[in-house]
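Chemist: A single structure is presented below for examination.
The values are calculated or read from the model by the stated rules, or taken from the named source; none is laboratory data. Given the structure is predicted, the values throughout are model-derived calculations rather than measurements. Cβ: placed from backbone, ideal geometry, glycine included. Neighbour counts: every protein chain shown.
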Amino acid sequence: MEKNRYVGENADWTTAFVADPHFYRRPDGTPFGVFAINKGIETILPKLPQARYQVNGKQVDEWRILLYSKTKGDVIGDTDFYAAMRKLVTGGYLLDDNGENVLVQALTLTELDALMR
């Protein structure tokens, strides 16, 4: 069985980066999840991470996207997951949607920066 293989109708999901969540805590102890998108790399993101991932058996309501440039070797910034997803959808940056996940096209530095605005 191949791990991280998705079947989309309109694109090849097999070579895309599968963004796994990383979890952190706010000073008040509230957990939040973070997915990374890297410049120039197609990325698979879940559509509803709050329904898929939990911390200590509890739903995580806050999600962020970390924007990273491998060529710069640095974090560009971060943004709210749901706001970024709206921009990805309305901006036409999704290559495919299999119901549970979306395949995001490889984004330029300018496009990543626009996700934060």
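Chemist: Only one of (1) closer than 24 Å to Ala11 by Cβ; (2) touching a strand residue (DSSP E or B) at 6+ places or on another chain (Cβ under 7 Å); (3) crowded, with 16+ Cβ neighbours inside 10 Å fails for Glu100. Which number is that?
Modeler: All conditions are met except number (3).
Chemist: Collect the residues in segment 98-115 that are touching a residue at least 60 places away in the same chain (Cβ under 8 Å) and of a type in the set (Ser, Thr, Tyr), keeping them in residue-number order.
Modeler: The answer is Thr108, and nothing else.
Chemist: Across segment 56-96, which residue is surrounded by the fewest Cβ atoms within 10 Å (Cβ to Cβ) among those that are under 19 Å from Arg26 (Cα atoms) and among the charged types (D, E, K, R)?
Modeler: Lys58
Chemist: Within segment 67-87, is there a residue that is under 17 Å from Phe17 (Cα atoms), touching a residue at least 60 places away in the same chain (Cβ under 8 Å) and not aromatic (Phe, Trp, Tyr)?
Modeler: No; the residues of segment 67-87 include none that is under 17 Å from Phe17 (Cα atoms), touching a residue at least 60 places away in the same chain (Cβ under 8 Å) and not aromatic (Phe, Trp, Tyr).
Chemist: Tell me, please, whether a residue that is in contact with a His (Cβ under 6 Å, 6 or more places away or on another chain), surrounded by 11 or more Cβ atoms within 10 Å (Cβ to Cβ) and closer than 19 Å to Lys87 by Cα can be found in segment 26-34.
Modeler: yes
Chemist: Name the residue, out of Ile76, Ile65, that is β-branched (Val, Ile, Thr) and at pLDDT 95 or above.
Modeler: Of Ile76, Ile65, the one residue that is β-branched (Val, Ile, Thr) and at pLDDT 95 or above is Ile65.
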